[in-house]
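Can you keep this structure in mind? I'll have questions shortly.
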Amino acid sequence: MPPLFPDAASTMATRVDALYFFLLAISAFFGLLIAGLIVYFALKFHRRTAEQIGARIHGAMSLEIGWTVIPLMITMVLFVWGASVYFAMAYPPEETLNIYVVGKQWMWKFQHLDGQREINELHVPVGRAVKLITTSEDVIHDFFVPAFRIKADVIPGRYVTIWFQATKPGRYRLFCAEYCGTKHSGMIGEVVAMEPSEYQTWLGGGAAEGSLASAGAKLFQDLACNTCHRPDAQGRGPVLEGLFGKTVMLQSGETVTADEAYVRESILQPAARVTAGFQPIMPTFQGLVTEEQLLELVEYIKSLQALPQVQTR
Amino acid sequence: MASSTLLIPPRHYLNDGYGIKSWLLTRDHKRIALLYLAGVTLFFFVGGAMAVLIRIDLATPPGDLVTDETYNKLFTMHGVMMVFFFLIPAIPAVLGNFLVPIMIGAKDLAFPKLNLFSWYIYIVGGLFTLYALVSGGVDTGWTFYTPFSTVASTTNVIPTALGIFITGFSSILTGLNFIVTIHRMRAPGMTWFRMPLFLWSIYATSLINVLGTPVIAITVLLVAAERIFHFGFFDPRVGGDPVLFQHLFWFYSHPAVYIMVLPAMGVVSELVAAGCRKPVFGYPFVAFASLGIAVLGFLVWGHHMFVAGESVYSALIFSILSFLVAIPSAVKVFNWTATMFKGAVSWETPMLYAYGFIGLFTIGGLTGLFLATVAVDVHVTDTYFVIAHFHYIMVGGTIMGYLGGVHYWWPKISGRLYNEALAKISAGIIFIGFNLTFFPQFVLGYLGMPRRYHAYPPDFQVLNVLSSAGASILGVGYLIPMIYLMWSLRYGRLAGSNPWGAVGLEWTTTSPPPTENFAETPLVTWDAYDCHAPSESHVA
Amino acid sequence: MPEAVRDHSHVPGLAHHFDTLDQQTEATTLGMWVFLVTEVLFFGGLFTVYTVYRSWYPGAFAAASHELDITLGTINTAVLITSSLTMALAVHAAQLGERRTLLIFLAATMLLGGVFLGIKGFEYYHKFVEHHVPGSSFQFEQEYFRHAQIFFSLYFMMTGLHALHMVIGFGIMLVMFWWAWKGTITLEYYSPIEISGLYWHFVDIVWIFLFPLLYLIGRHAH
C-alpha cells in the first residue's frame, strides 16, 4: 500500500496538517454541494419537450449577499488561522542550533559550527530548534523537507534562514524544490534526526578540521583582514570585536543591524554600506572567497567578543 | 422558439471568395477566427504530445524514457506551448473573434486589418518558438527563473523569449480591438447591461490583456538582453536581484491565468443560459464579478513567491488579497448553479461541458484556497499539488469551456450539426480521463513530490501510474472530436439558424452567417437571454 | 429586398464596417489611447527595475549618471519638445484644412526627430569609446564597478527602446506626409494626423521622464 499522507516529524507539521484538514473539510463540503446540486437540478428539471423554456427568474439579492458574505467569512477564518501558523514558521525561537547550508548544482553542502561537513545528508538532534542559514552558489534552489513541512528558496547572493524542530528520530527526505537544471531531480538527500545523546556521539566522531569559527580565524589572517580591522581601534577599518548583532551607524546616516547578510555584503561589496566615520577604501573580495569561506568568516566574526576597553566610534 | 429554415443560405462567409489569398488576406473576423482555430489546434497538439511523453516517462520512478536534458526541455515546451500559444489565445481569438461583432450587432471588429495582423504576429511568434524547440529545445521551464535562464542554461532561451515577445503583441492588439469594438460598435439599443455575459468576460479579459501583457513583454526582453549583451539586471554577481525577475514575471503571469479562465467562464454563462432556457441568475453580479476578478487579479502576484524570499508582511498582504479574489469566482459558481433551478435543463453536449466546468472549476478554485493559506502553501508550493490545482482550472476549466463553446457554436460557424452520440461519449471520456490524471496529483503533492522531477522515489509510483493512465484516456478523449467535427463539415446535417432554440443575436442570423453578419443592423429592445426576444432579426 | 447597406463610397476615408465617420474617429482615437496605456505598462516595467536599483545603489547611479553628456541630453530634450510643438501645429493645420502648412510642420517634426536620433547615435558611439558599454570591455572606477554596469545596462535598454519608438514614429510621420501629399487628409478626414500626434507626444513624454532619471542624478546647480 503506497503512502497517501506524509510523515509528520516536526513541531510545525501537526499545526500545518490541522489547517490542511480544515481546508479539506471546507473543500469537500462545497465541492459535494455544488456537484450534488448540479446533478440534482439536471435530473429534476431535465427538459421534457423541445419547446420547453425555463422559469423567468432573474436573481435574488438575499442569496447574492449570502453567498458572498459566507465565503468571505470562511476565507477570513482561514487567513487568520493561516497567518498565526505562518508567523510561528517565519520567526525562529531565541535559542537555536545553527547550521549553514550551501546549495549548488546539484548537491547540498552542510556545515556544522564545530566544523563537521556533510554532503546531501544532515544530522540534527531531535527536540531542539535548528536554524538553517542557507545560500546558493549558482542558481536558485529550494530546501524542502516534506516531513517537517518546511520549504524555502535558496538564493544566490543572499542568506535565507529557515528553522524547524524535529519531534521524532528518523530519516526524512530532502528535496530540491526549485527547478535548477539538468539534475534537479537528483538534488535530493536526507535529514537524519537523532536522539540528543546519539547526536552528541555523532558530533564527537567527526570533524578533524576544527570549527567553522577557527577556520574563519585562519582565513581572516590569510586574507590580511587583520591589517585594517584591529581590536585596538588603530586600524583603518572598524573594530569587529563585539560588532555582530549590534546596530551600526552608516555614512549615509541610516542604521543597519550587523547580521550575517551585512557581514557578507561588507566582504563582497565593501562600498555599499560604509560605517560612519570610515573611508570607503576596503577592497572587494568578490571572486576571492567561496560561499563556504564566507560562512567561516561570518562565524568567526560572530565569535569575536567585545573587548572591555574598546569604544565603538 | 424553433428555428425557421433548415437551408444553408446561398451566400455566406465561407463561400464568399475562394482560394488561399481570400483566406490569408481576409479582413472578415469570422475567417480570422478560423485561421486562429487552425493555429491553436496545431499548438495544442504539439503541447499535448509533450505531455504524453512526460506522463509515459513518469510511469516509472527512474527517468528512463528520455535523458534528463530532454525531459527538462519537454516540460518547458509543454508549458510554453500550452500557456502562450493555446490557453491565452484560444477562446478570445477563436470564439471571441467570431462572436464579438455578431453578439453586439456589428459588421466586424473596430480594426479588421489589425485583427489579421494580430494573427500573423501570433503565427510568426509561434514559428519562432517551434524553431527553438526543433533546433534543440529550451530547458528553463515556462517560468524562465533567473539566474538559471540568464546565466546557467545552455539552451535556446533567446529565440523562445523572442517568440513569446512577438506573440504577446497579438494578445495586446486583440484585446485593444475588443475593447474599442465593445465601447463603440454596439448596435442601437444594445446597452452594456443587455450584452450577453460572454461579452462582459471578453471585455474583462481584454483589460487584462492590454494592461498585463506589456509587462511580460519587457520581462522576456530583459532576459533576452541579459543573455545577448551580458547586462546584469538579475545577476547577483553584478549586484542584480534574481527575485526581481519573479516579481516582474508574475505581475503578468498571475493575471494571465485570468485571461485563460475568464473567457471560459463567459462561455459557460452562455451555455448555462441556453441549456436551461433561462436568464443567468444574478446577471449584474456575474458581470461585475468578471470585472472584479480582472482588477483583484493584478494584486495577488506575490502568492507565487511565498517561499521565494518575500517578507512576512508582503506574504500576508498577498495572502489576504488572494482570498478576496476567490470570492467573485465563487459568486459566479453559485449563480450558474442557481440558474439551473427551475430551468428547462438540456443534456446536450455543450451543456455537459458547462456542468463539467462548474464542478471541476470549483475543485480547482477550492484548492486555490490551500495555496492562499501561506502556512499550507509553504508545504505544497513547487509540488504536484500546485500542478494539480492549475490543471483543474486550465484543463478542467478552460479547455472544457473551450470545447463546450466550440460544440455550441459549431452549427453557427459551419452550418452543420455534429454526431451528438459521439460528442457525448467524448465528453465523458474527457471527464473521466481528466480526473484520473490530476486528482492523484493532489495526493502526490502533499506527500512531497516536487515539480519538474524526472525521477522520483519508488513509493510514489502507484499514484504516478494512475495519473499516466488517466492521461492516455484524456488524450483519446481529445482526439475523437477532431474526427467527428471534421466529418460533420462534409456530412453533417444542416443546422439552420437556431438549432438550440437559444436567445442571442448570433442565433438570429443564418448558419453560416453572411460576411457582413446581418442583412440589416439589428435594433435591440430586449434583455440578454430574454426568451421573448424575436428569434429572427428584422428592421424595427 | 431589405434596405440597402449604407453607401460608404461618398464618404472619404470611411471604412465599410463603420456606420459614420464620427463613429470611426471615436473608435480610432480610443484605440490609440488604449495602445498608449499598453506602452505605459511596457516602459513601466523598465522604470520599476530602475527604481529598485537606484534606491539600492544611489552612489553608483550618481557616479555613472555624471558620465553622460548633459549638454547633448539637454539639447535633445529641447529638440524633442520642439518637435512636439511642430506636431501640435501640424494637427492644427490639418484641422483647418491647410495642406501646405500641414506638410511643412510634418516635415519639421521629422527633421527634429532625425536630429534627436543623430545626437543619440553620437552619444552611443561616445559610450562605446569610453568603455561604458556593459560586458567584457566595461571600465569604471573600482568602487562602483559592478553597480555602474547595471546603470548603463538600464541606460542602453531604456534609451534604446525609446529610440526604437522614435524610429517607428518617424515611419508613421512618413506615411502621414504621404497621405497629406496625396490629398487623403482633408478638412473632413484628418483624424490620422491627430492620432499620430498622440503617439508622437507620448514618445516625447517618455523622454521627459528618461532625461532627469538618467542624466540628472545627483547634479546640483552650480
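The values are calculated or read from the model by the stated rules, or taken from the named source; none is laboratory data. Here the structure is a predicted model, which is why all the values come from computation and not from measurement. Reconstructed Cβ throughout: ideal geometry from the backbone, glycine too, with neighbour counts over all protein chains shown.
Can you name the condition, by its number, that residue B:459 falls short on among (1) free of Cβ contacts under 8 Å to residues at least 60 places away in the same chain; (2) closer than 30 Å to residue B:33 by Cα; (3) acidic (Asp, Glu)?
(2)
Could you say which residue among A:138, A:153 is assigned to a strand (DSSP E or B) and at the interface with chain B (Cβ under 10 Å from one of its Cβ atoms)?
None of the others qualify; the one that does is A:153.
Sticking with this structure for a sec: On the given criteria, is residue B:112 over 20 Å from residue B:264 (Cα atoms) and under 23 Å from the mean Cα position of the chain (by Cα)?
Here the answer is yes, as residue B:112 does meet what is asked.
Does residue B:376 satisfy being crowded, with 24+ Cβ neighbours inside 10 Å, within 11 Å of chain A (Cβ to nearest Cβ), without any contact (Cβ under 8 Å) to a residue 40 or more places away in the chain and over 20 Å from residue B:472 (Cα atoms)?
yes
Going through region A:77-86 one residue at a time, which ones are exposed (fewer than 15 other Cβ atoms within 10 Å of the Cβ) and either hydroxyl-bearing (Ser, Thr, Tyr) or touching a helix residue (DSSP H, G or I) at 6+ places or on another chain (Cβ under 7 Å) (or both)?
Across region A:77-86, the qualifying residue is only A:84.
Here is a further query. For residue B:525, are the conditions met, namely being among the hydroxyl-bearing types (Ser, Thr, Tyr) and at pLDDT below 90?
In short, yes.
Something else about it: Quick check on region C:74-106: of everything there that is assigned to a helix (DSSP H, G or I) and over 24 Å from the mean Cα position of the chain (by Cα), which residue is surrounded by the fewest Cβ atoms within 10 Å (Cβ to Cβ)?
C:100
Within region B:307-315, is there a residue that is within 30 Å of residue A:157 (Cβ to Cβ), touching a residue at least 60 places away in the same chain (Cβ under 8 Å), buried (at least 22 other Cβ atoms within 10 Å of the Cβ) and at the interface with chain A (Cβ under 9 Å from one of its Cβ atoms)?
Yes, region B:307-315 has at least one match.
Name the residue that is nearest to residue C:72 (Cα to Cα), counting only residues in region C:122-139 that are loosely packed, with under 11 Cβ neighbours inside 10 Å and either of a type in the set (D, E, K, R) or within 13 Å of another protein chain (Cβ to nearest Cβ) (or both).
Among residues in region C:122-139 that are loosely packed, with under 11 Cβ neighbours inside 10 Å and either of a type in the set (D, E, K, R) or within 13 Å of another protein chain (Cβ to nearest Cβ) (or both), the one nearest to residue C:72 (Cα to Cα) is C:137.
I've got another one for you. Is it the case that residue B:251 is in contact with an Asp or Glu (Cβ under 6 Å, 6 or more places away or on another chain), free of Cβ contacts under 8 Å to residues at least 60 places away in the same chain, part of a helix (DSSP H, G or I) and closer than 30 Å to residue B:359 by Cα?
So residue B:251 does not fit the description; no.
To keep it simple, each residue is scored yes or no on (1) under 17 Å from residue B:84 (Cβ atoms); (2) of a type in the set (Phe, Trp, Tyr).
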| site | (1), (2) |
| --- | --- |
| B:107 | no, no |
| B:111 | no, yes |
| B:114 | no, no |
| B:117 | no, yes |
| B:128 | yes, yes |
| B:142 | yes, yes |
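Tell me, which residue of region B:264-305 that is within 10 Å of another protein chain (Cβ to nearest Cβ) and small (Gly, Ala, Ser) is surrounded by the most Cβ atoms within 10 Å (Cβ to Cβ)?
B:275
Being assigned to a helix (DSSP H, G or I) and closer than 21 Å to residue B:171 by Cα narrows it down to one residue among B:70, B:150, B:129; which is it?
Result of the check over B:70, B:150, B:129: B:129.
Let's see how each residue does on (1) buried (at least 16 other Cβ atoms within 10 Å of the Cβ); (2) assigned by TED's automatic domain parsing to the domain that holds residue A:177; (3) under 17 Å from residue A:285 (Cα atoms):
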| position | (1), (2), (3) |
| --- | --- |
| A:197 | no, yes, no |
| A:200 | no, yes, no |
| A:231 | yes, no, no |
| A:245 | no, no, no |
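Separate question: Look through region B:100-141, keep the residues that are within 14 Å of chain C (Cβ to nearest Cβ) and of a type in the set (D, E, K, R), and return whichever of them is farthest from residue B:191 (Cα to Cα).
Checking each candidate, the answer is B:113.
With (1) among the basic types (Lys, Arg); (2) in contact with a Ser or Thr (Cβ under 6 Å, 6 or more places away or on another chain); (3) assigned by TED's automatic domain parsing to the domain that holds residue A:12 as the list, and residue A:109 as the residue in question, which single condition is left unmet?
The failed condition is (2).
With A:284, A:201, A:290, A:257 as the choices, which residue is within 20 Å of residue A:134 (Cβ to Cβ) and free of Cβ contacts under 8 Å to residues at least 24 places away in the same chain?
Matching residue, one of A:284, A:201, A:290, A:257: A:257.
Let me ask something else about it. Go through region A:58-69 and count every residue that is assigned to a helix (DSSP H, G or I) and surrounded by 12 or more Cβ atoms within 10 Å (Cβ to Cβ).
Final tally of qualifying residues: 5.
For residue B:189, which of the numbered conditions (1) surrounded by fewer than 20 Cβ atoms within 10 Å (Cβ to Cβ); (2) more than 8 Å from chain C (Cβ to nearest Cβ); (3) modelled with pLDDT of 95 or more fails to hold?
Among (1) surrounded by fewer than 20 Cβ atoms within 10 Å (Cβ to Cβ); (2) more than 8 Å from chain C (Cβ to nearest Cβ); (3) modelled with pLDDT of 95 or more, residue B:189 violates only (3).
Looking only at region A:169-178, decide whether some residue is modelled with pLDDT of 95 or more, farther than 30 Å from residue B:69 by Cα, touching a Lys or Arg at 6+ places or on another chain (Cβ under 7 Å) and within 14 Å of another protein chain (Cβ to nearest Cβ).
no
Quick one: which residue in C:109, C:71 is of a type outside the set (D, E, K, R) and exposed (fewer than 15 other Cβ atoms within 10 Å of the Cβ)?
It is C:71.
Could you look through region A:40-55, keep only residues that are surrounded by 13 or more Cβ atoms within 10 Å (Cβ to Cβ) and not aromatic (Phe, Trp, Tyr), and pick out the one that is farthest from residue B:498 (Cα to Cα)?
A:42
In region B:492-501, what count of residues is obtained for those that are crowded, with 23+ Cβ neighbours inside 10 Å and either within 12 Å of chain A (Cβ to nearest Cβ) or of a type outside the set (Ser, Thr, Tyr) (or both)?
The total comes to 2.
Among the residues of region C:128-164, which ones are more than 15 Å from residue C:56 (Cβ to Cβ) and of a type in the set (A, V, I, L, M)?
C:129, C:133, C:157, C:158, C:161, C:163, C:164
Another question, if that's okay. For the structure I just gave you, tell me whether residue B:159 is touching a Pro at 6+ places or on another chain (Cβ under 6 Å) and over 30 Å from residue B:521 (Cβ atoms).
no
Residue-by-condition table, conditions (1) farther than 15 Å from residue A:304 by Cβ; (2) among the aromatic types (Phe, Trp, Tyr):
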| site | (1), (2) |
| --- | --- |
| A:214 | no, no |
| A:220 | no, yes |
| A:225 | no, no |
| A:240 | no, no |
| A:245 | no, no |
| A:256 | yes, no |
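Test of understanding: among A:83, A:13, A:42, which residue is more than 7 Å from every other protein chain (Cβ to nearest Cβ) and at pLDDT 95 or above?
Sole residue among the options that is more than 7 Å from every other protein chain (Cβ to nearest Cβ) and at pLDDT 95 or above: A:13.
Name the residue that is nearest to the other protein chains (Cβ to nearest Cβ), counting only residues in region B:445-463 that are among the small types (Gly, Ala, Ser) and under 18 Å from residue A:149 (Cβ atoms).
B:448
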